[in-house]
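Reading through the C-alpha coordinates given below for one structure.
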Amino acid sequence: MLAVLSKKERDWVKSVIKEEEIERYMQNGRDFIDDDEIWEKLRKNVKPDKKRIEDIIQKSMEIQTLEPDETACLLNIEDPEIWQQLFKVAKDIKKKVYDNRIVTFAPLYCGDLCVNNCLYCGFRRENVVIKRKRLTLEEIRRETEVLAGEIGHKRLIVVYGEHPSTDAAYIADTIRTIYDVKVKTKNGYGQIRRANVNIAPMSIDDLTLLRDVGIGTYQVFQETYHHETYKKLHPEGTLKAHYQWRLYCHHRALEAGVDDVALGALFGLYDWKFEVMGLLYHARDLERQFGIGPHTISFPRLEPAANTPFIQQTKYKVSDEDFKKIIAVIRLSVPYTGMILTAREPAYIRREVIPIGITQTDASTKIGIGAYSDRYTDQEEDRQQFILGDTRSLDEVIRELAQMGYITSFCTAGYRCGRTGDRIMTLLRTGREAVFCKLNAVLTFKEWLDDFASIETKKVGEEMLKREMEEIKNKLPQNVYEKLLEYYERIENGERDLYF
Ligand code: SAM
Ligand code: SF4
(Lines give C-alpha, C1' and ligand atoms only; values in the text may rest on other atoms or scores of the structure.)
(Ligands and ions follow the chains in the order given, each with its own letter.)
Protein backbone atom coordinates (compact mmCIF):
# COMPACT_ATOMS: atom_id res chain seq x y z
CA MET A 1 0.00 0.00 0.00
CA LEU A 2 2.99 2.27 0.59
CA ALA A 3 4.95 1.17 -2.44
CA VAL A 4 3.49 3.71 -4.87
CA LEU A 5 4.16 7.38 -4.25
CA SER A 6 1.17 9.72 -4.08
CA LYS A 7 1.10 12.77 -6.34
CA LYS A 8 1.97 15.00 -3.41
CA GLU A 9 4.97 12.81 -2.57
CA ARG A 10 6.09 12.71 -6.20
CA ASP A 11 5.90 16.49 -6.51
CA TRP A 12 7.81 16.93 -3.31
CA VAL A 13 10.53 14.48 -4.36
CA LYS A 14 10.96 16.44 -7.61
CA SER A 15 11.40 19.70 -5.72
CA VAL A 16 14.17 18.63 -3.32
CA ILE A 17 17.40 18.30 -5.31
CA LYS A 18 19.08 21.49 -6.54
CA GLU A 19 21.75 20.51 -9.07
CA GLU A 20 23.48 23.89 -8.81
CA GLU A 21 24.05 23.19 -5.09
CA ILE A 22 26.12 20.15 -6.02
CA GLU A 23 28.09 21.30 -9.05
CA ARG A 24 29.64 24.30 -7.31
CA TYR A 25 31.66 22.01 -5.01
CA MET A 26 32.82 19.57 -7.69
CA GLN A 27 36.12 19.80 -9.54
CA ASN A 28 35.93 19.52 -13.32
CA GLY A 29 32.54 17.85 -12.96
CA ARG A 30 33.91 15.09 -10.70
CA ASP A 31 33.31 14.40 -7.03
CA PHE A 32 36.17 13.73 -4.63
CA ILE A 33 35.66 9.96 -4.43
CA ASP A 34 37.59 8.28 -7.21
CA ASP A 35 36.89 4.57 -6.71
CA ASP A 36 39.82 3.47 -8.87
CA GLU A 37 42.22 5.80 -7.09
CA ILE A 38 41.15 4.44 -3.68
CA TRP A 39 41.67 0.84 -4.83
CA GLU A 40 44.99 1.80 -6.36
CA LYS A 41 46.17 3.30 -3.06
CA LEU A 42 45.06 0.22 -1.16
CA ARG A 43 46.90 -1.99 -3.63
CA LYS A 44 50.05 0.09 -3.68
CA ASN A 45 50.58 0.60 0.06
CA VAL A 46 50.98 -3.01 1.10
CA LYS A 47 53.51 -4.41 3.56
CA PRO A 48 54.52 -1.02 5.00
CA ASP A 49 57.90 -1.14 6.76
CA LYS A 50 58.39 -0.26 10.41
CA LYS A 51 59.88 3.16 9.77
CA ARG A 52 56.96 4.19 7.56
CA ILE A 53 54.46 3.16 10.25
CA GLU A 54 56.45 5.00 12.94
CA ASP A 55 56.36 8.18 10.79
CA ILE A 56 52.61 7.90 10.30
CA ILE A 57 52.04 7.36 14.02
CA GLN A 58 54.16 10.41 14.76
CA LYS A 59 52.03 12.52 12.43
CA SER A 60 48.79 11.31 14.04
CA MET A 61 50.19 12.07 17.49
CA GLU A 62 50.77 15.62 16.26
CA ILE A 63 47.02 15.72 15.51
CA GLN A 64 47.46 16.08 11.75
CA THR A 65 45.04 14.57 9.26
CA LEU A 66 46.70 11.73 7.33
CA GLU A 67 47.22 11.52 3.56
CA PRO A 68 45.27 8.78 1.73
CA ASP A 69 48.50 6.81 1.14
CA GLU A 70 49.20 6.86 4.86
CA THR A 71 45.74 5.64 5.83
CA ALA A 72 46.01 2.92 3.17
CA CYS A 73 49.28 1.79 4.79
CA LEU A 74 47.60 1.44 8.18
CA LEU A 75 44.65 -0.45 6.69
CA ASN A 76 47.08 -2.93 5.13
CA ILE A 77 48.93 -3.84 8.33
CA GLU A 78 48.94 -7.61 8.78
CA ASP A 79 51.14 -8.16 11.83
CA PRO A 80 48.90 -8.61 14.94
CA GLU A 81 51.58 -7.04 17.11
CA ILE A 82 51.57 -3.85 15.07
CA TRP A 83 47.79 -3.74 15.37
CA GLN A 84 48.17 -3.94 19.15
CA GLN A 85 50.56 -1.01 18.94
CA LEU A 86 48.04 0.92 16.85
CA PHE A 87 45.25 0.32 19.39
CA LYS A 88 47.53 1.75 22.04
CA VAL A 89 48.35 4.82 19.91
CA ALA A 90 44.63 5.36 19.21
CA LYS A 91 44.03 5.36 22.95
CA ASP A 92 46.85 7.87 23.51
CA ILE A 93 45.48 10.21 20.82
CA LYS A 94 42.02 10.07 22.34
CA LYS A 95 43.54 10.93 25.73
CA LYS A 96 45.59 13.77 24.28
CA VAL A 97 42.64 15.42 22.54
CA TYR A 98 39.68 14.49 24.74
CA ASP A 99 41.25 13.23 27.97
CA ASN A 100 39.08 10.69 29.86
CA ARG A 101 35.79 12.37 28.97
CA ILE A 102 32.93 10.68 27.21
CA VAL A 103 29.73 12.39 26.12
CA THR A 104 26.36 10.64 26.23
CA PHE A 105 23.22 11.26 24.22
CA ALA A 106 20.01 9.55 23.13
CA PRO A 107 18.33 9.23 19.75
CA LEU A 108 14.81 10.57 19.38
CA TYR A 109 13.01 9.20 16.33
CA CYS A 110 10.22 11.53 15.20
CA GLY A 111 8.90 9.69 12.17
CA ASP A 112 9.39 6.59 10.04
CA LEU A 113 7.60 7.63 6.86
CA CYS A 114 10.04 7.52 3.99
CA VAL A 115 9.96 8.02 0.23
CA ASN A 116 13.16 5.98 -0.24
CA ASN A 117 13.82 2.30 -0.58
CA CYS A 118 17.29 1.69 0.86
CA LEU A 119 17.68 -2.07 0.73
CA TYR A 120 19.19 -2.36 4.22
CA CYS A 121 16.69 -0.23 6.17
CA GLY A 122 13.57 -1.34 8.03
CA PHE A 123 11.91 2.00 7.20
CA ARG A 124 12.25 1.58 3.44
CA ARG A 125 9.07 2.46 1.67
CA GLU A 126 8.30 -1.04 0.39
CA ASN A 127 8.56 -2.60 3.83
CA VAL A 128 4.89 -3.27 4.56
CA VAL A 129 5.45 -4.77 8.04
CA ILE A 130 6.46 -1.42 9.56
CA LYS A 131 3.85 0.68 11.36
CA ARG A 132 4.12 4.22 10.02
CA LYS A 133 3.87 7.20 12.29
CA ARG A 134 4.90 10.82 12.56
CA LEU A 135 4.94 12.26 16.08
CA THR A 136 2.84 15.35 16.81
CA LEU A 137 4.55 18.23 18.58
CA GLU A 138 2.68 17.27 21.76
CA GLU A 139 4.07 13.71 21.48
CA ILE A 140 7.55 15.12 20.96
CA ARG A 141 7.14 17.21 24.08
CA ARG A 142 6.22 14.05 26.03
CA GLU A 143 9.21 12.12 24.65
CA THR A 144 11.51 15.00 25.62
CA GLU A 145 10.06 15.17 29.13
CA VAL A 146 11.05 11.56 29.73
CA LEU A 147 14.51 12.01 28.19
CA ALA A 148 15.38 15.26 29.97
CA GLY A 149 13.29 14.91 33.13
CA GLU A 150 13.54 11.23 34.04
CA ILE A 151 16.68 9.85 32.39
CA GLY A 152 18.68 13.06 32.52
CA HIS A 153 19.87 13.46 28.94
CA LYS A 154 21.08 16.89 27.85
CA ARG A 155 21.83 15.99 24.23
CA LEU A 156 19.79 14.27 21.57
CA ILE A 157 20.25 13.09 18.06
CA VAL A 158 16.86 13.69 16.48
CA VAL A 159 16.10 11.33 13.59
CA TYR A 160 13.55 11.33 10.75
CA GLY A 161 12.73 9.38 7.61
CA GLU A 162 12.78 11.38 4.40
CA HIS A 163 9.23 12.44 3.64
CA PRO A 164 7.19 15.58 2.88
CA SER A 165 5.44 15.19 6.25
CA THR A 166 8.82 15.47 8.00
CA ASP A 167 10.29 18.24 5.84
CA ALA A 168 12.49 21.10 7.03
CA ALA A 169 9.53 23.10 8.39
CA TYR A 170 8.38 20.15 10.51
CA ILE A 171 11.94 19.48 11.66
CA ALA A 172 12.28 23.13 12.70
CA ASP A 173 9.06 22.86 14.74
CA THR A 174 10.26 19.69 16.46
CA ILE A 175 13.58 21.30 17.41
CA ARG A 176 11.82 24.36 18.86
CA THR A 177 9.51 22.05 20.83
CA ILE A 178 12.44 20.03 22.21
CA TYR A 179 14.33 23.14 23.37
CA ASP A 180 11.16 24.51 25.03
CA VAL A 181 10.79 21.59 27.42
CA LYS A 182 11.97 22.28 30.96
CA VAL A 183 11.20 19.67 33.64
CA LYS A 184 11.54 19.93 37.40
CA THR A 185 13.91 17.29 38.78
CA LYS A 186 14.95 16.16 42.26
CA ASN A 187 17.37 19.02 42.85
CA GLY A 188 16.98 21.34 39.88
CA TYR A 189 15.57 21.06 36.39
CA GLY A 190 16.23 19.04 33.26
CA GLN A 191 16.45 20.38 29.74
CA ILE A 192 17.85 19.40 26.35
CA ARG A 193 20.70 21.77 25.64
CA ARG A 194 21.77 20.45 22.28
CA ALA A 195 19.61 18.80 19.64
CA ASN A 196 21.75 17.29 16.89
CA VAL A 197 19.98 15.94 13.84
CA ASN A 198 20.36 12.90 11.60
CA ILE A 199 18.36 13.86 8.55
CA ALA A 200 18.40 13.54 4.82
CA PRO A 201 20.46 15.90 2.63
CA MET A 202 18.89 19.33 2.28
CA SER A 203 19.18 22.51 0.28
CA ILE A 204 21.07 25.53 1.57
CA ASP A 205 17.77 27.34 2.23
CA ASP A 206 16.41 24.49 4.36
CA LEU A 207 19.70 24.18 6.21
CA THR A 208 19.63 27.91 6.91
CA LEU A 209 16.18 27.49 8.48
CA LEU A 210 17.55 24.70 10.68
CA ARG A 211 20.58 26.77 11.62
CA ASP A 212 18.23 29.53 12.75
CA VAL A 213 16.31 27.24 15.12
CA GLY A 214 19.62 26.19 16.65
CA ILE A 215 20.23 22.62 15.53
CA GLY A 216 23.47 21.23 16.87
CA THR A 217 25.49 18.97 14.61
CA TYR A 218 24.14 18.08 11.18
CA GLN A 219 24.80 14.37 10.77
CA VAL A 220 24.38 12.49 7.50
CA PHE A 221 25.95 9.13 6.69
CA GLN A 222 27.04 8.49 3.12
CA GLU A 223 26.16 4.80 3.78
CA THR A 224 28.69 3.58 1.19
CA TYR A 225 31.28 5.65 -0.66
CA HIS A 226 31.52 3.10 -3.45
CA HIS A 227 29.56 4.53 -6.41
CA GLU A 228 28.49 1.23 -7.91
CA THR A 229 27.35 -0.26 -4.60
CA TYR A 230 25.55 2.97 -3.70
CA LYS A 231 23.63 2.70 -6.93
CA LYS A 232 22.59 -0.89 -6.25
CA LEU A 233 21.39 -0.22 -2.71
CA HIS A 234 19.44 2.95 -3.46
CA PRO A 235 17.08 2.12 -6.32
CA GLU A 236 16.97 4.37 -9.33
CA GLY A 237 14.19 6.93 -9.29
CA THR A 238 14.30 7.38 -5.51
CA LEU A 239 15.48 10.63 -3.97
CA LYS A 240 18.35 8.95 -2.18
CA ALA A 241 19.68 7.48 -5.41
CA HIS A 242 21.51 10.76 -6.06
CA TYR A 243 25.00 10.00 -4.69
CA GLN A 244 26.36 13.52 -5.05
CA TRP A 245 23.35 15.29 -3.52
CA ARG A 246 24.20 13.29 -0.41
CA LEU A 247 27.98 13.57 -0.70
CA TYR A 248 27.93 17.38 -0.68
CA CYS A 249 25.22 17.96 1.94
CA HIS A 250 27.82 18.76 4.61
CA HIS A 251 29.38 21.29 2.26
CA ARG A 252 25.97 22.94 1.91
CA ALA A 253 25.45 22.89 5.68
CA LEU A 254 28.75 24.65 6.26
CA GLU A 255 27.84 27.17 3.60
CA ALA A 256 24.50 27.72 5.36
CA GLY A 257 26.36 28.49 8.58
CA VAL A 258 25.69 25.23 10.41
CA ASP A 259 29.06 25.03 12.10
CA ASP A 260 29.32 21.36 13.01
CA VAL A 261 28.87 18.53 10.53
CA ALA A 262 29.14 14.79 11.09
CA LEU A 263 30.14 12.02 8.69
CA GLY A 264 29.51 8.32 8.73
CA ALA A 265 29.51 5.14 6.68
CA LEU A 266 27.30 2.14 7.30
CA PHE A 267 29.73 -0.76 7.59
CA GLY A 268 28.57 -4.01 6.00
CA LEU A 269 27.46 -2.59 2.66
CA TYR A 270 30.86 -2.71 0.97
CA ASP A 271 34.53 -3.42 1.70
CA TRP A 272 35.44 -1.84 5.06
CA LYS A 273 38.88 -0.66 3.99
CA PHE A 274 37.37 1.19 1.05
CA GLU A 275 34.81 2.89 3.34
CA VAL A 276 37.51 4.08 5.77
CA MET A 277 39.34 5.60 2.79
CA GLY A 278 36.07 7.24 1.70
CA LEU A 279 35.60 8.82 5.12
CA LEU A 280 39.15 10.17 4.99
CA TYR A 281 38.67 11.69 1.53
CA HIS A 282 35.43 13.25 2.75
CA ALA A 283 37.10 14.81 5.81
CA ARG A 284 39.93 16.11 3.66
CA ASP A 285 37.61 17.71 1.12
CA LEU A 286 35.73 19.56 3.89
CA GLU A 287 39.05 20.73 5.31
CA ARG A 288 40.20 21.84 1.86
CA GLN A 289 37.04 23.74 0.96
CA PHE A 290 36.00 25.13 4.35
CA GLY A 291 38.94 24.74 6.71
CA ILE A 292 36.63 22.70 8.97
CA GLY A 293 36.73 18.94 9.25
CA PRO A 294 34.01 16.64 10.58
CA HIS A 295 32.91 17.33 14.13
CA THR A 296 32.32 13.60 14.49
CA ILE A 297 32.62 10.42 12.46
CA SER A 298 30.27 7.44 12.92
CA PHE A 299 30.94 3.87 11.80
CA PRO A 300 27.72 1.95 12.52
CA ARG A 301 27.59 -1.72 11.59
CA LEU A 302 24.58 -3.09 9.81
CA GLU A 303 22.00 -4.54 12.23
CA PRO A 304 19.08 -6.86 11.58
CA ALA A 305 15.78 -5.22 10.70
CA ALA A 306 12.27 -6.59 10.23
CA ASN A 307 11.61 -8.14 6.83
CA THR A 308 14.97 -6.97 5.46
CA PRO A 309 16.72 -9.95 3.83
CA PHE A 310 19.58 -7.88 2.39
CA ILE A 311 21.19 -7.82 5.85
CA GLN A 312 21.58 -11.61 5.93
CA GLN A 313 22.77 -11.70 2.34
CA THR A 314 25.55 -9.10 2.33
CA LYS A 315 29.03 -10.52 1.94
CA TYR A 316 30.68 -7.49 3.55
CA LYS A 317 29.65 -8.08 7.18
CA VAL A 318 32.36 -6.69 9.48
CA SER A 319 33.81 -8.96 12.17
CA ASP A 320 34.48 -7.70 15.71
CA GLU A 321 38.21 -7.84 15.05
CA ASP A 322 37.93 -5.69 11.91
CA PHE A 323 35.57 -3.32 13.72
CA LYS A 324 38.35 -2.55 16.20
CA LYS A 325 40.73 -1.89 13.31
CA ILE A 326 38.23 0.48 11.70
CA ILE A 327 38.01 2.50 14.91
CA ALA A 328 41.76 2.65 15.40
CA VAL A 329 42.49 3.69 11.81
CA ILE A 330 39.83 6.43 11.87
CA ARG A 331 41.24 7.68 15.17
CA LEU A 332 44.71 7.93 13.67
CA SER A 333 43.59 9.28 10.29
CA VAL A 334 41.44 12.17 11.54
CA PRO A 335 42.88 12.55 15.03
CA TYR A 336 40.90 15.62 16.14
CA THR A 337 37.45 14.25 15.30
CA GLY A 338 34.83 13.05 17.76
CA MET A 339 33.95 9.38 17.30
CA ILE A 340 30.49 8.00 17.98
CA LEU A 341 29.73 4.44 19.05
CA THR A 342 26.03 3.62 19.20
CA ALA A 343 23.81 1.18 21.04
CA ARG A 344 23.68 -0.84 17.84
CA GLU A 345 26.71 -2.55 19.36
CA PRO A 346 26.33 -5.03 22.23
CA ALA A 347 27.73 -4.20 25.68
CA TYR A 348 30.81 -6.45 25.38
CA ILE A 349 31.95 -4.68 22.20
CA ARG A 350 31.29 -1.27 23.70
CA ARG A 351 33.53 -2.14 26.65
CA GLU A 352 36.28 -3.29 24.35
CA VAL A 353 36.32 -0.46 21.83
CA ILE A 354 35.58 2.60 23.96
CA PRO A 355 39.23 2.82 25.05
CA ILE A 356 40.51 2.95 21.47
CA GLY A 357 39.09 6.31 20.62
CA ILE A 358 35.38 6.75 21.31
CA THR A 359 34.22 10.18 22.48
CA GLN A 360 30.41 9.82 22.40
CA THR A 361 27.92 7.06 23.01
CA ASP A 362 24.18 6.71 23.58
CA ALA A 363 22.37 4.98 26.43
CA SER A 364 18.80 4.28 27.63
CA THR A 365 18.28 4.08 23.90
CA LYS A 366 14.88 3.45 22.33
CA ILE A 367 14.35 3.81 18.63
CA GLY A 368 10.67 2.92 18.27
CA ILE A 369 8.61 5.94 17.29
CA GLY A 370 7.15 7.31 20.53
CA ALA A 371 8.87 4.61 22.58
CA TYR A 372 10.17 6.71 25.48
CA SER A 373 6.77 7.97 26.61
CA ASP A 374 5.05 4.68 25.70
CA ARG A 375 7.41 3.11 28.20
CA TYR A 376 7.60 -0.15 26.32
CA THR A 377 10.55 -2.19 27.47
CA ASP A 378 11.03 -4.82 24.78
CA GLN A 379 12.20 -4.00 21.31
CA GLU A 380 9.42 -4.16 18.73
CA GLU A 381 10.74 -4.72 15.27
CA ASP A 382 7.65 -3.48 13.49
CA ARG A 383 8.24 0.02 14.81
CA GLN A 384 12.04 0.14 14.67
CA GLN A 385 14.48 0.89 11.90
CA PHE A 386 16.71 -1.96 13.11
CA ILE A 387 17.34 -3.99 16.27
CA LEU A 388 19.61 -2.57 18.98
CA GLY A 389 22.45 -4.51 20.54
CA ASP A 390 22.48 -2.72 23.90
CA THR A 391 19.44 -1.37 25.75
CA ARG A 392 21.10 -0.71 29.10
CA SER A 393 20.05 2.38 31.04
CA LEU A 394 22.06 5.58 31.15
CA ASP A 395 22.58 4.95 34.87
CA GLU A 396 24.16 1.55 34.21
CA VAL A 397 26.31 2.80 31.35
CA ILE A 398 27.56 5.79 33.33
CA ARG A 399 28.44 3.56 36.26
CA GLU A 400 30.37 1.20 34.04
CA LEU A 401 32.19 4.08 32.34
CA ALA A 402 33.18 5.50 35.73
CA GLN A 403 34.49 2.08 36.77
CA MET A 404 36.54 2.04 33.56
CA GLY A 405 37.99 5.48 34.44
CA TYR A 406 35.82 7.68 32.17
CA ILE A 407 33.91 10.71 33.31
CA THR A 408 30.59 11.26 31.55
CA SER A 409 30.30 14.82 30.37
CA PHE A 410 26.97 16.49 29.69
CA CYS A 411 28.77 19.65 28.72
CA THR A 412 27.29 21.66 25.89
CA ALA A 413 28.96 24.91 26.92
CA GLY A 414 31.50 24.93 24.10
CA TYR A 415 28.79 25.31 21.50
CA ARG A 416 27.04 28.05 23.35
CA CYS A 417 30.27 30.03 23.83
CA GLY A 418 31.07 29.85 20.12
CA ARG A 419 33.62 27.05 20.47
CA THR A 420 32.44 25.42 17.26
CA GLY A 421 33.51 25.09 13.63
CA ASP A 422 37.07 26.20 12.88
CA ARG A 423 37.49 27.65 16.40
CA ILE A 424 36.94 24.25 18.01
CA MET A 425 39.24 22.66 15.40
CA THR A 426 42.16 24.79 16.57
CA LEU A 427 41.37 24.17 20.22
CA LEU A 428 41.17 20.42 19.65
CA ARG A 429 44.34 20.23 17.57
CA THR A 430 46.30 22.07 20.26
CA GLY A 431 44.75 20.23 23.20
CA ARG A 432 43.43 23.48 24.72
CA GLU A 433 39.76 22.45 24.56
CA ALA A 434 40.54 19.79 27.16
CA VAL A 435 40.97 22.46 29.86
CA PHE A 436 37.48 23.96 29.51
CA CYS A 437 35.99 20.57 28.99
CA LYS A 438 37.44 19.01 32.09
CA LEU A 439 35.93 21.73 34.28
CA ASN A 440 32.56 21.55 32.57
CA ALA A 441 32.57 17.75 32.65
CA VAL A 442 32.94 17.88 36.43
CA LEU A 443 30.11 20.38 36.82
CA THR A 444 27.66 18.62 34.49
CA PHE A 445 28.47 15.19 35.92
CA LYS A 446 27.76 16.58 39.39
CA GLU A 447 24.39 17.93 38.17
CA TRP A 448 23.45 14.55 36.74
CA LEU A 449 24.54 12.61 39.84
CA ASP A 450 22.47 14.90 42.07
CA ASP A 451 19.37 14.67 39.90
CA PHE A 452 19.26 11.21 38.38
CA ALA A 453 21.81 8.69 39.70
CA SER A 454 20.91 5.51 41.58
CA ILE A 455 22.56 5.15 45.01
CA GLU A 456 25.14 2.76 43.61
CA THR A 457 26.06 4.96 40.63
CA LYS A 458 26.20 8.05 42.81
CA LYS A 459 28.77 6.37 45.03
CA VAL A 460 31.03 5.38 42.12
CA GLY A 461 30.48 8.77 40.48
CA GLU A 462 31.37 10.78 43.53
CA GLU A 463 34.60 8.89 43.99
CA MET A 464 35.43 9.74 40.40
CA LEU A 465 34.59 13.41 40.96
CA LYS A 466 36.91 13.51 43.96
CA ARG A 467 39.80 12.25 41.82
CA GLU A 468 39.02 14.70 39.02
CA MET A 469 38.85 17.68 41.42
CA GLU A 470 42.19 16.68 42.89
CA GLU A 471 43.72 16.59 39.42
CA ILE A 472 42.31 20.01 38.57
CA LYS A 473 43.64 21.40 41.86
CA ASN A 474 47.13 20.18 41.02
CA LYS A 475 47.14 21.19 37.36
CA LEU A 476 45.21 24.45 37.01
CA PRO A 477 45.72 27.89 38.59
CA GLN A 478 44.34 28.41 42.09
CA ASN A 479 41.74 31.00 40.97
CA VAL A 480 40.27 28.56 38.43
CA TYR A 481 40.03 25.87 41.09
CA GLU A 482 38.32 28.30 43.46
CA LYS A 483 35.79 29.29 40.81
CA LEU A 484 35.12 25.59 40.21
CA LEU A 485 34.49 25.04 43.91
CA GLU A 486 32.07 27.98 43.96
CA TYR A 487 30.10 26.58 40.99
CA TYR A 488 30.16 23.11 42.51
CA GLU A 489 28.54 24.38 45.68
CA ARG A 490 25.96 26.38 43.80
CA ILE A 491 25.00 23.23 41.85
CA GLU A 492 24.66 21.34 45.11
CA ASN A 493 22.19 24.04 46.13
CA GLY A 494 20.04 23.48 43.05
CA GLU A 495 21.45 25.93 40.48
CA ARG A 496 21.88 24.45 37.01
CA ASP A 497 23.78 25.09 33.77
CA LEU A 498 26.84 26.85 35.24
CA TYR A 499 29.84 26.57 32.94
CA PHE A 500 33.27 27.90 32.02
N1 SAM B 1 16.45 8.85 6.56
C2 SAM B 1 17.58 9.73 6.69
C3 SAM B 1 18.71 9.27 5.83
O4 SAM B 1 18.69 8.13 5.36
O5 SAM B 1 19.61 10.05 5.64
C6 SAM B 1 17.96 9.81 8.12
C7 SAM B 1 18.80 8.76 8.64
S8 SAM B 1 18.29 7.10 8.91
C9 SAM B 1 16.84 7.23 9.84
C10 SAM B 1 19.64 6.83 10.02
C11 SAM B 1 20.75 5.96 9.57
O12 SAM B 1 20.45 4.64 9.97
C13 SAM B 1 21.02 5.80 8.10
O14 SAM B 1 21.80 6.85 7.59
C15 SAM B 1 21.73 4.45 8.02
O16 SAM B 1 23.13 4.59 8.01
C17 SAM B 1 21.34 3.77 9.33
N18 SAM B 1 20.70 2.48 9.09
C19 SAM B 1 19.74 2.19 8.21
N20 SAM B 1 19.45 0.87 8.26
C21 SAM B 1 20.25 0.32 9.19
C22 SAM B 1 20.45 -1.01 9.70
N23 SAM B 1 19.75 -2.03 9.22
N24 SAM B 1 21.37 -1.20 10.66
C25 SAM B 1 22.09 -0.19 11.14
N26 SAM B 1 21.95 1.09 10.71
C27 SAM B 1 21.05 1.34 9.75
FE1 SF4 C 1 14.50 6.10 4.47
FE2 SF4 C 1 16.79 6.79 5.69
FE3 SF4 C 1 15.82 4.30 5.90
FE4 SF4 C 1 16.79 5.08 3.61
S5 SF4 C 1 17.95 4.90 5.56
S6 SF4 C 1 14.85 3.99 3.87
S7 SF4 C 1 16.22 7.21 3.59
S8 SF4 C 1 14.88 6.16 6.69
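In straight-distance terms, cross-link reach from Lys473 covers every one of the lysines whose alpha-carbon lies under 30 Å from its own, apart from those fewer than eight places away in the same chain; here that gives Lys88, Lys91, Lys94, Lys95, Lys96, Lys154, Lys186, Lys438, Lys446, Lys458, Lys459, Lys483. Return the lysines within reach of Lys7: Cα separation strictly under 19 angstrom, same-chain partners fewer than 8 residues apart disregarded; answer none if there are no such residues. By straight Cα distance, Lys7 reaches Lys240. Within the stretch 225-259, list the residues whose amide N lies under 20 Å from a label point set 7 Å along Cα→Cβ of Asn28. Taking a point 7 Å out along Cα→Cβ of Asn28, the residues of the stretch 225-259 whose backbone N falls under 20 Å are 227, 244. Applying the Kirkwood pairwise sum to the alpha-carbon positions of the stretch 46-180 produces a hydrodynamic radius of 19.0 angstrom. By definition, a body whose alpha carbon gyration tensor gives a ≥ b ≥ c is prolate when a/c is 1.5 or more and a/b is larger than b/c, and the stretch 103-159 fits this prolate description. Let me know the shape class of the stretch 1-45, please: from the alpha-carbon gyration tensor, a ≥ b ≥ c as square roots of the eigenvalues, rounded when a/c is under 1.5, otherwise prolate if a/b is greater than b/c, or oblate. The shape class here is oblate. Protection proxy ranking for 301-313, 479-491, 233-245, using the average of other Cβ atoms within 10 Å per residue and placing the highest first: 233-245, 301-313, 479-491. With a Förster radius of 30 Å applied to the beta-carbon distance between Val4 and Tyr376, the computed FRET efficiency rounds to 0.45. Accessible surface area normalised per residue over the stretch 255-316 is 28 Å², counting heavy atoms of protein chains with a 1.4 Å rolling probe.
Summed over all non-identical Cα pairs, the Kirkwood treatment of the chain gives a radius of 23.2 Å. The overall shape of the stretch 433-492 is prolate: from the C-alpha gyration tensor, with semi-axes ordered a ≥ b ≥ c, the ratio a/c is 1.5 or greater and a/b exceeds b/c. The GluC sites (Glu not before Pro) found in the stretch 102-172 that occupy coil by DSSP, while having at most 15 further C-beta atoms within 10 Å, are Glu126. For Lys44, the lysines whose Cα falls under 18 Å of its own Cα, not counting residues fewer than eight places away in the same chain, are Lys273.
The values are calculated or read from the model by the stated rules, or taken from the named source; none is laboratory data. As the structure is a prediction and not an experimental result, all values here were calculated from the model. All Cβ positions, even for glycine, are placed from backbone atoms using ideal geometry, and neighbour counts span all protein chains on display. Only protein heavy atoms, including side chains, enter the accessible area calculation; ligands, DNA and RNA are left aside. Shrake-Rupley method; radii C 1.70, N 1.55, O 1.52, S 1.80 Å.
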